[in-house]
Amino acid sequence: MTNTATVSFIKCESYTSDLQSAIEELIDGIGGISNFVESGQSVLLKPNMLTTRTPEQATTTHPEIIRAVIRIVKAQGATVSVGDSPANITKIAELWDTTGIKQVCNEENVPLLNFENAGSETLSIYGVQVGIAKPVLDADVIINLPKVKTHVLTTYTGAVKNLYGTIPGFQKTMLHKMFPKPNIFGEFIAALYDEICPQLSIADGIIGMDGDGPSGGRPFKLNFMAASADSAALDASICHLLKIDVNAVGYLKTIGNEQMGIIAKNNINIVGTPIEELTPIGFDVPSTLRARMIPGWIVKLIDPFLWIRPSFDDKCVFCGKCVKACPVNALTIKKGEKPILEPQSCIGCCCCHEICPEHAIIMEQSPLLKFSGKIS
């Protein structure tokens, strides 16, 4: 691994017809598309398709970003496909329609791959046998297209975390059960990144998400895109821009400690628009962040009194998706009623929060955790 990385930023305020030229300029800052894609190669675009939301809700990669990158890659003479394994895999056709990604792929005449039925190959990652979608492993080039968002479990989710969608089916839910704590889950994500490293990552930060993301936050106009061959450096640079401590992001901390990628600010060369010109005002981190910042030895002493659990407000429509998403069966539901939580079973993985279509779930903090926030 080299000791430095380059990250390109560009100010971009809308998903307009000028988007392709803006992305070309962005990539030119790190050597141009020919530095990553050659004629005749197969290229997989890996967007964030988390769940069934419209582009305006800023939960998924905007379809016009995908369209622009498809055209750039095709101009190189490469073949293109698009694929992801979202959290909501039971109604994936509906998800494709709602996100606008199916329409773009149809119009650009590229395959939209369902990782759930594309086959998988088992790899050993972090000591666990994990199935990875075959299109990911078969592609000559992976271009990663994450959405810039906060995350109630990992604090920030970007290029590295977006690789979690290379794991098809309900494995993702079970992995949350195996690695329920943010630091251990971060170590798994770092190991996954070490195994599957995209050649290029382009972050959609034109409209991102702050607050309690990755699906329950608020759309936040950030007005930038960023790109790098080093996904960890890309994520770290965006964290620096958003004033998020990289050590609060478990996977970035592990990547830095294990030297899997570059996260130190002094070792990242920023080209294009200086990040000081892009730093937003009023960007909120997840309410769960303070739990990540309590020293580990203290956590061990007071662990029974530190918890983050879901509660359900009146926006709940009793759909039961959260119940199905829970990896430890901590939720039950009766027809026409809000879900009921078994507190002792909850591992605080936030899977229910991530999947809720109505933003009806609030991740409540224990009284001690709330108190720690008042004195921090």
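Residues in region 223-241 that are assigned to a helix (DSSP H, G or I) and of a type in the set (Gly, Ala, Ser) were compared, and the one that is nearest to ILE206 (Cα to Cα) is SER237. Checking each residue in region 339-364 for being crowded, with 23+ Cβ neighbours inside 10 Å and more than 23 Å from the chain's Cα centre (by Cα) picks out only PRO339. When restricted to residues that are within 12 Å of ILE189 (Cβ to Cβ), of a type outside the set (S, T, N, Q) and at pLDDT 95 or above, region 148-164 contains 7. Between PRO214, PRO168, PRO180, which is out of contact with any strand residue (DSSP E or B) (no Cβ under 7 Å at 6 or more places or on another chain) and in contact (Cβ under 8 Å) with a residue 60 or more places away in the chain? The conditions single out PRO180. Does region 35-43 include one or more residues that are more than 23 Å from the chain's Cα centre (by Cα), within 26 Å of ASP138 (Cα to Cα) and buried (at least 20 other Cβ atoms within 10 Å of the Cβ)? Looking for residues that are more than 23 Å from the chain's Cα centre (by Cα), within 26 Å of ASP138 (Cα to Cα) and buried (at least 20 other Cβ atoms within 10 Å of the Cβ), one finds at least one in region 35-43, hence yes.
Within region 104-157, the residues that satisfy the criterion of being out of contact with any Phe, Trp or Tyr (no Cβ under 6 Å at 6 or more places or on another chain), of a type in the set (Ser, Thr, Tyr) and more than 30 Å from ASN223 (Cα to Cα) are SER120, THR122, SER124. Going residue by residue through region 191-200, is there one that turns out to be polar (S, T, N, Q), in the same structural domain as SER34 (by TED's automatic domain parsing) and not in a loop (DSSP other than H, G, I, E, B)? Scanning region 191-200 turns up no residue that is polar (S, T, N, Q), in the same structural domain as SER34 (by TED's automatic domain parsing) and not in a loop (DSSP other than H, G, I, E, B). Residues that are in a loop (DSSP other than H, G, I, E, B) and among the small types (Gly, Ala, Ser) were ranked within region 58-77; the one that is surrounded by the fewest Cβ atoms within 10 Å (Cβ to Cβ) is GLY77.
Tallying residues that are at pLDDT 95 or above, of a type outside the set (A, V, I, L, M), within 15 Å of the chain's Cα centre (by Cα) and surrounded by fewer than 24 Cβ atoms within 10 Å (Cβ to Cβ) within region 198-212 yields 1.
If we scan region 160-176, do we find a residue that is farther than 21 Å from ASN114 by Cα and either in contact with a Gly (Cβ under 7 Å, 6 or more places away or on another chain) or surrounded by fewer than 24 Cβ atoms within 10 Å (Cβ to Cβ) (or both)? Yes, region 160-176 contains at least one residue that is farther than 21 Å from ASN114 by Cα and either in contact with a Gly (Cβ under 7 Å, 6 or more places away or on another chain) or surrounded by fewer than 24 Cβ atoms within 10 Å (Cβ to Cβ) (or both).
Does at least one position in region 201-218 carry a residue that is within 25 Å of GLN129 (Cβ to Cβ) and hydroxyl-bearing (Ser, Thr, Tyr)? For region 201-218, residues within 25 Å of GLN129 (Cβ to Cβ) and hydroxyl-bearing (Ser, Thr, Tyr): absent.
Taken over region 218-233, residues that are buried (at least 23 other Cβ atoms within 10 Å of the Cβ) and over 13 Å from the mean Cα position of the chain (by Cα) amount to 8.
Scanning region 365-376 for residues that are of a type in the set (S, T, N, Q) and surrounded by 13 or more Cβ atoms within 10 Å (Cβ to Cβ), which turns out modelled with the lowest pLDDT? It comes out as SER372.
The values are calculated or read from the model by the stated rules, or taken from the named source; none is laboratory data. The structure presented is a predicted model; accordingly, all values stated were derived computationally and were not measured. Methodologically, a virtual Cβ is constructed for each residue, glycine included, from the backbone with ideal geometry; neighbour enumeration extends over all protein chains shown.
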